[in-house]
Amino acid sequence: MKKWLYGLGALLLLLMLALVALTQLVDTERVKRVLIEQTREKTGRTLVIEGDLSWRFFPSIGFTLGNTALLNPPGFPEGPTLAIGEVSLDVALKPLFDNRLEIGEMVLNNARLHLITRADGVSNLDDLRELSGREVPAEAESGPSREQEDERTPMSLSLAGVRVTDAEVVMQDEANNRLTRLNRVNLTLDAFAPGESVPLSLSGNLFSDEVQANISADGRLWLAPDFDGLRLEGLQLAVDATGRAIPGTKQLRLAGELAYDLDQKRAEFTELALQLGALDLSGALSVQHKTLPEVRFALVTPLLDVDALLAEWSQQQDSSSTGAPASGTGAARPSPEAPREPDLSFLKGVDVEGSLNADKVSVQGVELEQLSIRVQLDQGKLRLEDVQAQLYQGRIDASGELDANTSPAGFRVKKTLTGIDARALLAAAMDIDYLAGKATLALDLQGQGLTAEAARRSIRGSSVLKMTDGALHGVNIPAMIRRGYAQVKGQPLPAEEAVQKTDFSALSADFRIGGGKVTTDNLQMSSPLLRIQGEGETSLLDQSLNVLLNTAIVGSLKGQDGEELTELRNISLPVRISGSYQAPRYALDMQQVFDRYLRDRVDREAERLQQRLDEKLGEELGDKIQQRLPGLLDRLKR
């Protein structure tokens, strides 16, 4: 037994001495030259090895290589595509005899990957991906030997894991003149093998001209056996971002399944769940990298709160940074800067098409439900099509277009609102609560400029309004007429009505929009008591009103004593509307009322005189007087 142990010890000592001798006898400089030559032969690229190469032969074959760089191919700027501070790799010996390549954990320290995409869409990685597609020259017609068949049997590959520390990725897009940098990258990949899903962990910092962010991600990586695609399953991504394009700090949380096709340069997100402040989206999204990137999406959200999103993403102006002088200096406070047109140049750099559905929408105080919309963005033209939603007991059907190729941007909107509760909509949208009824409104508008002032001045088009079973709150036109009539006759004024409201069964008008004004000449309103025809205009710039309602009494209107005011029946009485949208003023034109009342009195007196003459003098004598004094009674009527 003791002799056997001595023999075993001697064998192990001999093996260790052999391994030490082997490591000393291997010419590492020659190995580096072979690596450089093989790289040039296989890829056409230049491999630069400035660091040392060290070997390990037990218990596995391994090496550590420092300061190595793979240079860019011809047609790209000088410099490395990939530079590595240090790489360490081990390969198990025994599986090699079974045609299996089992690699231990690969460690990369201080690696730098520089991805360049030229203006023509070609990247500095395309040549490497094309290597796998090259055909091997065919053998002679004679059948291959059994040994040759065994040699061509593909070797299985597995990797115990990958650990990347303090790496950097630089993405340079020459077509769009953009540079994005991802540094302090740390990546851990467990038990990697093509065709198998393995755990993945990634973290790093993102820097671009507009955004800076901290990124962390976890999931499972699947790499296609032929290395032409990959998937990230169960992806959980967290991004905390800030920068010029992002007011404050925003937190993005994203989950889903991501697939990337290396040949098509296409990324597809499925089972997507995205949270960003007040935005909560789910659905599918794809991005294909081209000279003009293509984005396709089908997204759903339970709530699209546009007001909250605008508040989150608006740039807050710090009053302390306006440079206002301290009190007592006598210097004038600078006037606020006029609103500027937004920069929409980014709309020209992407091709977008997709659909968005929202259970609820809130925008400028207006609430909609069951919104569906199709979006298309092509060559700087944004189109919104098949816009449908429910709102305030009715529905809206609309379409729109925004053209970023003009300066300022041009827009066009077509919409039809059907069966809307007008009072609820106006109260929410414009803080107006005096017009009620079921409304149908058609709009066809266009203009240029996206600031409020520019839009009001440039907007032009037409609109048609029809309402039923409504009321004009804040004014009682029949009561106004009764008070005016009493005032003309010198009677005591009736008490103010408790309810200031004018009911109508129908209201309609055609509007013309242009020059900062909305005008109409065919406003019509009817009820069992009144018939109203109106005309006038309103200013979109100062929201002033100037409308004349010619009101005719066609029903039974009673005075203070209950007597019907038959003297006013079918007489057109003018009611003037002035003031503003939020505070309209109504007034009866008393001068015209007085003139019409006197004219009516004269007409009645003339008729009474005619009747008395006929009774006193007889019909025959009355006719003779009319012949001798023609027009006398008519002149009295005047």
Query raised in the report: Between residues in segment 568-593 that are at positive phi and residues that are surrounded by 17 or more Cβ atoms within 10 Å (Cβ to Cβ) and at pLDDT 75 or above, which pairs lie under 8 Å by C-beta distance while being six or more apart or on different chains?
Result: Asn570/Ile553; Gly579/Leu545
Query - Lone qualifier among Asp433, Asp397 - being closer than 30 Å to Lys501 by Cβ and either open to solvent by 50 Å² or more (accessible area, probe 1.4 Å) or of a type outside the set (Val, Ile, Thr) (or both) - result: Asp433
Query - Residues within segment 297-317 that are at pLDDT 90 or above and more than 25 Å from Lys360 (Cβ to Cβ), tallied - result: 0
Query raised in the report: Taking the stated definitions as given, is Ala442 farther than 28 Å from Pro302 by Cα, without any contact (Cβ under 8 Å) to a residue 40 or more places away in the chain and more than 17 Å from the chain's Cα centre (by Cα)?
Result: yes
Requested in this report: Could you tell me whether segment 214-237 includes any residue that is open to solvent by less than 60 Å² (accessible area, probe 1.4 Å) and over 30 Å from Gly104 (Cβ atoms)?
Outcome: no
Query raised in the report: So Ala409 fits all but one of (1) farther than 30 Å from Lys290 by Cβ; (2) at pLDDT below 95; what number is the exception?
Result: (1)
Query - Inter-residue pairs, beta-carbon under 8 Å, first of a type in the set (Ser, Thr, Tyr) and in segment 534-554, second assigned to a loop (DSSP other than H, G, I, E, B), 6+ apart - result: Thr538/Tyr581; Ser539/Gly516
Report summary line: Of those in segment 368-380 that are over 14 Å from Ala298 (Cα atoms) and buried (at least 16 other Cβ atoms within 10 Å of the Cβ), the residue farthest from the chain's Cα centre (by Cα) is Leu368
Requested in this report: Specify which of the listed residues (Glu268, Glu210) is touching a Ser or Thr at 6+ places or on another chain (Cβ under 6 Å), open to solvent by 40 Å² or more (accessible area, probe 1.4 Å) and under 27 Å from Glu174 (Cβ atoms).
Outcome: Glu268
Query raised in the report: Say we look at segment 533-552 and pick out the residues that are open to solvent by less than 60 Å² (accessible area, probe 1.4 Å) and more than 11 Å from Ile577 (Cβ to Cβ); which of these is modelled with the lowest pLDDT?
Result: Ala552
Query raised in the report: Does segment 149-165 include one or more residues that are more than 19 Å from Gly62 (Cα to Cα), outside any loop (DSSP other than H, G, I, E, B), open to solvent by less than 50 Å² (accessible area, probe 1.4 Å) and modelled with pLDDT of 65 or more?
Result: yes
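The values are calculated or read from the model by the stated rules, or taken from the named source; none is laboratory data. The shown structure was predicted, so the numbers you read here are calculated from the model rather than taken from an experiment. When we count neighbours, we look across all protein chains shown, and the Cβ atoms used for this are built from the backbone with ideal geometry, even at glycine. Accessible surface areas use protein heavy atoms only, side chains included; no ligands, DNA or RNA. Shrake-Rupley method; radii C 1.70, N 1.55, O 1.52, S 1.80 Å.
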